[in-house]
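*Asks:* Can you read through this structure? Questions will come right after.
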Amino acid sequence: MRYLTIALTKGRLAGQTMALLEKVGIFCEEMKDPASRKLIFTNEELGLRFFLAKGPDVPTYVEYGAADIGIVGNDILMEEGRKVYEVLDLGFGRCRMCVCGPLAAKEKLLHQEQIRVATKYPNIAKDYFYNEKNQTVEIIKLNGSIELAPIVGLSEVIVDIVETGSTLKENGLAVLEEICPLSARVAVNPVSMRMENARISLLLEKIGAALQESAAGR
Ligand code: PRP
């Protein structure tokens, strides 16, 4: 049997995904070893193969068919714009994509001023400001610790992920506008969806049922 390959987002999302998969009888004990530097794991019995990748690379593996399925946040799916099917919302990894900054910057958003926006998500920021708000802005791509930008005067605002809000609070910033809710999604390669339809559909059905069960038990 051909392996069904699943790309997981390295880090917390991978742990939460494996906990969910265990509920539907899919185990991968090898992946739990914190000392291991291994990136790829197989479950011979079920014909499954898992690998860990950086979030932004997950949709790339799925688009090219190197993975049949990917588990990744919809922030990354939106930003990368890869040709994959987004088929299921797993409901965990919940957070929000927001425009943030010092409260004083709120005025500048209301009055359509030409401002600078720092972000790790230039495509999401472009789409929001240009297409939804019709506001011309300058977008500056950064790679992390985005909250620094308005503090040191690189930009007026940022577009970033807010989970608990503590990073903003501890740095004297606030949510100024909300762009969209985020959570972990299942993305599938379009060819795999046709060629491996029976296996993928069964897997998605089982995951859907486990999600409903845990929602009911909440
Ligand atoms: C993310 C995000 C915020 C922070 C939000 O950063 O970019 O900085 O988490 O979480 P909070 O609302 O719970 O404080 P991450 O830790 O992924 O690192 P990064 O700054 O390198 O992007």
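*Asks:* With respect to the numbered conditions (1) in contact (Cβ under 8 Å) with a residue 60 or more places away in the chain; (2) part of a loop (DSSP other than H, G, I, E, B); (3) within 7 Å of the ligand (Cβ to nearest atom), which one is the sole condition not fulfilled by Gly172?
*Replies:* Here Gly172 clears every test but (3).
*Asks:* In the stretch 31-50, which residue that is touching a strand residue (DSSP E or B) at 6+ places or on another chain (Cβ under 7 Å) and not charged (D, E, K, R) is nearest to Arg2 (Cα to Cα)?
*Replies:* Across the stretch 31-50, the extreme among qualifying residues is Gly47.
*Asks:* Could I ask something else about it? With Ala66, Ala125 as the choices, which residue is within 16 Å of the ligand (Cβ to nearest atom) and either on the phi < 0 side of the Ramachandran plot or surrounded by 15 or more Cβ atoms within 10 Å (Cβ to Cβ) (or both)?
*Replies:* Of Ala66, Ala125, the one residue that is within 16 Å of the ligand (Cβ to nearest atom) and either on the phi < 0 side of the Ramachandran plot or surrounded by 15 or more Cβ atoms within 10 Å (Cβ to Cβ) (or both) is Ala125.
*Asks:* Moving on. It is to be established whether one or more residues within the stretch 93-106 are more than 10 Å from the ligand (Cβ to nearest atom), closer than 24 Å to Ser183 by Cβ, part of a loop (DSSP other than H, G, I, E, B) and touching a residue at least 60 places away in the same chain (Cβ under 8 Å).
*Replies:* Looking through the stretch 93-106, at least one residue is more than 10 Å from the ligand (Cβ to nearest atom), closer than 24 Å to Ser183 by Cβ, part of a loop (DSSP other than H, G, I, E, B) and touching a residue at least 60 places away in the same chain (Cβ under 8 Å).
Here's the yes/no breakdown for (1) of a type in the set (Val, Ile, Thr); (2) within 15 Å of the chain's Cα centre (by Cα); (3) in a helix (DSSP H, G or I); (4) surrounded by 21 or more Cβ atoms within 10 Å (Cβ to Cβ):
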{"position": "Asn131", "(1), (2), (3), (4)": "no, no, yes, no"}
{"position": "Gln135", "(1), (2), (3), (4)": "no, no, no, no"}
{"position": "Val186", "(1), (2), (3), (4)": "yes, yes, no, yes"}
{"position": "Arg199", "(1), (2), (3), (4)": "no, no, yes, no"}
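*Asks:* Suppose we filter Lys83, Lys54 for residues that are in contact with a helix residue (DSSP H, G or I) (Cβ under 7 Å, 6 or more places away or on another chain), surrounded by fewer than 22 Cβ atoms within 10 Å (Cβ to Cβ) and of a type in the set (D, E, K, R); which single one remains?
*Replies:* Exactly one residue qualifies, and that residue is Lys83.
*Asks:* Of the residues that make up the stretch 28-51, is at least one of a type in the set (S, T, N, Q) and under 22 Å from Asp160 (Cβ atoms)?
*Replies:* no
*Asks:* Here is a further query. Looking at the structure I just gave you, is Ala118 small (Gly, Ala, Ser), part of a helix (DSSP H, G or I), within 13 Å of the ligand (Cβ to nearest atom) and buried (at least 17 other Cβ atoms within 10 Å of the Cβ)?
*Replies:* no
*Asks:* For the stretch 30-87, enumerate the residues that are outside any strand (DSSP E or B), more than 18 Å from the chain's Cα centre (by Cα) and of a type outside the set (A, V, I, L, M).
*Replies:* Glu30, Lys32, Asp33, Pro34, Ser36, Arg37, Lys38, Glu44, Glu45, Gly47, Tyr64, Gly65
*Asks:* Residues to consider are Ile179, Ile161, Ile146; find the one that is assigned to a strand (DSSP E or B), within 15 Å of the ligand (Cβ to nearest atom), at pLDDT 95 or above and touching an Asp or Glu at 6+ places or on another chain (Cβ under 7 Å).
*Replies:* Ile161
The values are calculated or read from the model by the stated rules, or taken from the named source; none is laboratory data. Quick caveat: nothing in here was measured; it's all calculated off a predicted structure. Backbone-built Cβ (ideal geometry, glycine too); neighbour counts: all protein chains shown.
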